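This report refers to the structure that appears directly beneath it.
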Amino acid sequence: MQKKELVYEGKAKKVFRTGNPDYYWVEYKDDATAFNGLKKGTIANKGELNNRISAYFFRMLAENGIDSHFVEEKSDREMVVKALQIIPVEVVVRNIAAGSLAKRLGLEEGTILPHTVVEYYYKSDELGDPMINDDHIRALSLATPEQMARIREIALKVNDVLRSHLAERELDLIDFKLEFGLHKGELLLGDEISPDTCRFWDKNTREKLDKDRFRRDLGNVEEAYREVYRRLTGR
Ligand code: TMP
Ligand code: ASP
C-alpha cells in the first residue's frame, strides 16, 4: 500500500489516500489544541507516542473482541486504517468526575461516580461540540437507535477492558472519548485512543498523565505521554 495525496488535515492528524478506497493512511502530528482550537501548541514526539499508544490499544481491544478501523502501523507516527463513514457523535465514558462533568455538576475532580456515565456530543467545530442526547441524535438523523444501542454497548465494553488493563499498570482510567463509523456497513471503533483522548491518573500519586497537562499548563507534557507508553509496553 502507498501513501498518496492528503485528503484531510485535522487538529492532531493528517489523512492520506492509499490508492485503495477502502483504506486511509493516517499521520499523527505533534500539534496540540484545546478548547475547540483556542489554545494551540506542540508536544514534542506526541505524534509518535499517540500512534504507538493507539495501535497498542486497538490491538489489545481486538484481542478482546472489539473491532476497530486499525489495520497496521506503517512507521513511528503513521498507521493504515479502514475507511470509515464517521458517525458525527463523540462518545464520552466517565468513571471519575473530572473536566467538564466536574464543572457542570459542581463535583470535585476525583469524585468516584457510583455509576458509569456515558455522554454524547455532536461533532461540530462551528457549534463547539454541544452535548446531545438520544432524541437529538434521532432528530438530526446522526445515527439510528439500533446503532446507538450498539455504540453504547461497545463503549461500555471498551471501558471494562481498558480499565482493568490500565489498573494492572497502576493507572486509573478517569474518562475517555470514542468515535465510531461504518465500513462497508459494519460499525467500527475509529479515531484514536491516546492521552489526547483519555484521562489517565497515576493510581498512587494521582498525577495526571494526559492532555490535561497541556490544557492546564502543568508542564512535563511529553514526559507524561512517554510514561503512559512505558507503563503499557515496558519500553
Ligand atoms: P471533558 O471533561 O472536557 O468533557 O472531556 C472528557 C474526555 O473526552 C476526556 O478524556 C478528554 C476527551 N476529549 C476529547 O478527546 N476531545 C475533546 O475535544 C474533548 C473536549 C474531550
Ligand atoms: N481537541 C479539542 C480541541 O482542540 C479539545 C480538547 O481536547 O480539549 O479543540
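Residue-wise, which Karplus ³J(HN,Hα) couplings in Hz belong to segment 125-135, taking 6.51 cos²θ - 1.76 cosθ + 1.60, θ = phi - 60°, and x for glycine or proline?
4, 4, 8, x, 6, x, 5, 9, 10, 4, 5
Could the peptides 44-55, 111-122, 209-220 be put in order, highest first, of the mean number of other beta-carbon atoms found within 10 Å of their residues?
Numbers: 44-55: 21.6, 111-122: 13.8, 209-220: 17.2.
Peptide ranking by packing, descending: 44-55, 209-220, 111-122.
Set the Förster distance to 30 Å, then compute FRET efficiency between GLU186 and LYS39 from the Cβ-Cβ distance, nearest 0.05. Please report the intermediate quantities before stating the final value.
Numbers: r = 36 Å, r/R0 = 1.21.
Computed FRET efficiency for GLU186 and LYS39 comes out at 0.25.
Could you line up MET79, MET1, MET148 from fewest to most neighbouring Cβ atoms inside 10 Å?
Values: MET79 23, MET1 12, MET148 19.
Lowest count first: MET1, MET148, MET79.
Around LYS13, which amide H atoms from residues at least 5 apart in sequence, or from another chain, sit under 5 Å from its own amide H, with H modelled in the peptide plane?
Close amide H contacts, sequence-distant or interchain: LYS29.
Equivalent-ellipsoid semi-axes (√(5λ), Cα gyration tensor) for the chain, whole Å, largest first? Let's see the in-between values first.
Working: eigenvalues 124, 103, 64 Å².
Square roots of five times the eigenvalues give 25, 23, 18 Å.
From the helices alone, meaning DSSP H stretches of at least four residues, give me the mean residue ellipticity at 222 nm for the chain, per-run term -39500 (n - 2.57), in deg cm²/dmol to the nearest 500.
Numbers: 6 runs with 71 residues, N = 235.
Mean residue ellipticity at 222 nm (helix-derived): -9500 deg cm²/dmol.
Residue by residue through segment 105-110, what is 3J(HN,Hα) from phi via Karplus (6.51 cos²θ - 1.76 cosθ + 1.60, θ = phi - 60°)? Round to whole Hz and write x for glycine and proline.
After applying 6.51 cos²θ - 1.76 cosθ + 1.60, I find 9, x, 9, 6, 4, x Hz.
Give me, ordered by chain and number, the residues 5 or more places off LYS123 or on other chains with an amide H under 5 Å from its own placed amide H.
For LYS123, whose amide H was placed from the backbone, the distant partners under 5 Å are VAL89, GLU90.
Only the coordinates and a few stated rules stand behind these numbers; no lab work does. These numbers come from a predicted model, not from an experiment. Neighbour counts run over all protein chains shown; Cβ positions are idealised from the backbone, glycine included.
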